[in-house]
1. To the nearest 10 square angstrom, what accessible area does residue 145 show with a 1.4 Å probe?
2. Ranked highest first by average number of other Cβ atoms within 10 Å, how do 182-192, 59-69 line up?
3. When ranked by the protection proxy of mean other Cβ atoms within 10 Å per residue, highest first, what sequence do the peptides 89-100, 129-140 form?
4. From Cα pairs below 8 angstrom and at least 6 apart in sequence, can you work out the relative contact order of the stretch 96-228, rounded to a whole percent?
5. Placing +1 at every Lys and Arg Cβ and -1 at every Asp and Glu Cβ, with all other atoms neutral, what dipole size does the stretch 125-205 have around its Cα centre, in debye to the nearest 20?
6. Take the solvent-accessible surface of the protein heavy atoms, probe 1.4 Å, and return the percent of it on the chain that carbon and sulfur atoms account for.
7. FRET efficiency for residue 171 and residue 79, Cβ-Cβ distance as r, R0 = 45 Å, nearest 0.05?
8. Starting from the Cα of residue 209, step 7 Å along the direction of its Cβ; do the same at residue 138; then give the gap between the two resulting points in nm.
Amino acid sequence: MTSQPNSFQRDFLEFAIASGVLTFGSFKTKAGRQSPYFFNAGLFYRGGLLGRLADFYAQALLAAQAKGQLQADLLFGPAYKGITLASATAVAMAARGHDIDFAYNRKEAKDHGEGGVLVGAPMQGRVVIVDDVISAGTSVRESVEIIRANGATPVGVLIALDRMEKGGTAEQPTQNSATQEVQAQYGMPVVSIANLADLLSLLEQTSDQSLATYRQAVADYRSRWGVI
């Protein structure tokens, strides 16, 4: 049996399933693996869904701060998905009594008006990168470079779901996950709202038989591709 997820983690997973963002079946991942589940954060496209998602991000960040895992002065959203996520999370943080700055980048520098690549609050202090998932770590690398180049310090990454599986491809998997590789390379934590262990725990404990039918497939997938 896996451990019991925290309340907001379980609530997030149930919310994602009810919203059709987290689905079950047979899906081919970018790594060429057949996964029994699929998480598509791009489907959080309505105001109510985005607002609730942002509150889960805020809860995860506040929980990490309470544990001393990281402290943030600014949220950074890498273009493009991260822009909406960082700004919405800043709103959710303020609603919970923790007003915080946010900024994001453009893909191309603006040559008129205020110019530059960055938009939003001045890049300073301790910065947390907000994104949906970490796959190859490219977005994190680019974000770290931008943050450091502008005199601030990247201190962590905040994502929605950590798949907790080996990187690389189906034919040539790595021993570590993309999340672990980011943590090792940059020496900063990756905080997720929920992870694969939480999902498996939910499937083990659910009374919904339509969900329970996927329990073994998810467990087998974790056994084959998961990392400790």
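The values are calculated or read from the model by the stated rules, or taken from the named source; none is laboratory data. Since this is a predicted model, take the numbers as computed values, not measurements. All Cβ positions, even for glycine, are placed from backbone atoms using ideal geometry, and neighbour counts span all protein chains on display. When the accessible area is computed, the model is the full protein with side chains, heavy atoms only, and any ligands, DNA or RNA have been set aside. Shrake-Rupley method; radii C 1.70, N 1.55, O 1.52, S 1.80 Å.
1. 110 Å²
2. Going from most to least packed, we get 182-192, 59-69.
3. By packing density, highest mean first, the sequence is 129-140, 89-100.
4. So the answer I get is 19 percent.
5. Around 300 debye, computed over the stretch 125-205.
6. 48 percent
7. FRET efficiency, residue 171 to residue 79: 0.90.
8. If labels sit at residue 209 and residue 138, their model points lie 4.5 nm apart.
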